1. Let me spell out the model: positive unit charges on the Cβ of Lys and Arg, negative unit charges on the Cβ of Asp and Glu, origin at the Cα centre of the stretch 231-309. What dipole size does that give, in debye rounded to 20?
2. LYS21: accessible area at probe 1.4 Å, nearest 10 Å²?
3. Tell me, what is the FRET efficiency for LYS293 and TYR200 to the nearest 0.05, using R0 = 41 angstrom and their Cβ-Cβ distance as r?
4. Tell me the relative contact order for the chain as a rounded percent, counting alpha carbon contacts under 8 Å between residues six or more apart.
5. Of the DSSP beta bridges with both residues in the chain, give the percent that are antiparallel, rounding to the nearest 5.
6. Could you give each residue of the stretch 317-332 its phi-based ³J(HN,Hα) in whole Hz, using Karplus coefficients 6.51, -1.76, 1.60 with θ = phi - 60°, and x for Gly or Pro?
7. In whole percent, how big is the carbon plus sulfur part of the accessible area of the chain, probe 1.4 Å, protein atoms only?
8. Please give, to one decimal in nm, the separation of the simple spin-label points placed at LYS112 and HIS88, each 7 Å out from Cα toward the Cβ.
Amino acid sequence: MRQATVYIDREALQYNFNRVKQLAPKAKIVSMVKANAYGHGVKDCLAALENTDAFGVACLEEALEIRQLGYKQDITLIEGVFSADEMHVVIEQNIEVIVHHQQQVDWLLANKDAYLAKNLKVWVKLNSGMNRLGFKIDVIKNIINQLKAEGFNCVLAMHFANADSDHPLNDEQIRQFLEVKNDCAPIMGSCCNSAAIYKYPELHFDYVRPGIMLYGATPFADKSVHDLDLKPVMTFTAEIIALNTIQAGEAVGYGSLYIAEKETQLAIVSIGYGDGYPRAFPKQNFVAINGQKVALVGRVAMDMIAIDVTGLNAPIGTKVELWGQNRLVDDVAEANGTIGYELLCRLSNRPVRKQI
Ligand SMILES: Cc1ncc(COP(=O)(O)O)c(C=O)c1O
């Protein structure tokens, strides 16, 4: 059987969840499990997150999957509902919505009694400079005051555009958030994703919304998961399926991009972009064998890669770590001009999934 396996380490997930608790002891935790728990498999991850206060998802379908699996925690729809019909389903299923435009407020008000009867909070999104979703500062205060007057329990929500860096917009986003929070007091607040949980302990407020840190990848370009004391949850492996010795001047793979400078022992590994392994590699990329870094050579193909195992004891059947503890997904991402988030989310269904 072809070996391409994704191992999900539930203990690592619990460890990372407890890191959130340590860092934000007073806040409630909305564990972000959208996009199939960042590609880790929502079913496997929910059980490990049983102590979370709530789950955060991007759409109703994702929320319903959580309910179908039997989880009763609060769920926040971080983009709200996309139609009036969805509002009936969310109320029936005890799912909380964000409102980020007027139509969503109207749908909510039209279902006010049913929503309030379920004791659901409403999350009101401030657009403080990200310019994706939310009300601008000059209108959000009226919306919040109106919702409060109608009896809604509101959470002021905001998302940083640059929580992973020292961009000047951060200060402006914080200024706007604090102004609205102050002018609309009392109101609960939530503005911290993973990077902001580390960076802004003074802004944890009522709910933090960790995503990537739960899965043991870094939100920062300049800090590794080891620096952040997180454990990679996913280990992605394949096996050596063939060995070739090539001479100086011989090429490897599609496009014959790699030409050996000396006699080289190549190993062919059963993994490719058909599994979700990235093909771009603008920079030299590596895998790990027994904890040791081993270089890729030539193009990544749909089902195979070639690695240089010259001088290594790496027979057919040797396990190769594409990412995990020894070869961090963030480093694979960096070599391919992307971020760990993307690589984790875009794995295909082909690799076999196992829990450890
Ligand atoms: C509104 C919102 N909150 C929190 C998160 C979690 O972010 P991160 O994975 O960087 O912790 C996301 C992720 O995109 C988000 O969209």
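1. Magnitude of the dipole: close to 340 debye.
2. Here the accessible area works out near 90 Å².
3. Rounded to the nearest 0.05, the efficiency is 0.75.
4. In percent, rounded to a whole number, it is 19.
5. 50 percent
6. x, 5, 6, 10, 8, 7, 7, x, 5, 8, 10, 5, 4, 5, 6, 4
7. 48 percent
8. Here the modelled spin labels are 2.1 nm apart.
The values are calculated or read from the model by the stated rules, or taken from the named source; none is laboratory data. Predicted model only: the values in this text are computed from it and were never measured. Cβ coordinates were reconstructed from backbone atoms using ideal geometry, including for glycine residues, and neighbour counts include every protein chain displayed. When the accessible area is computed, the model is the full protein with side chains, heavy atoms only, and any ligands, DNA or RNA have been set aside. Shrake-Rupley method; radii C 1.70, N 1.55, O 1.52, S 1.80 Å.
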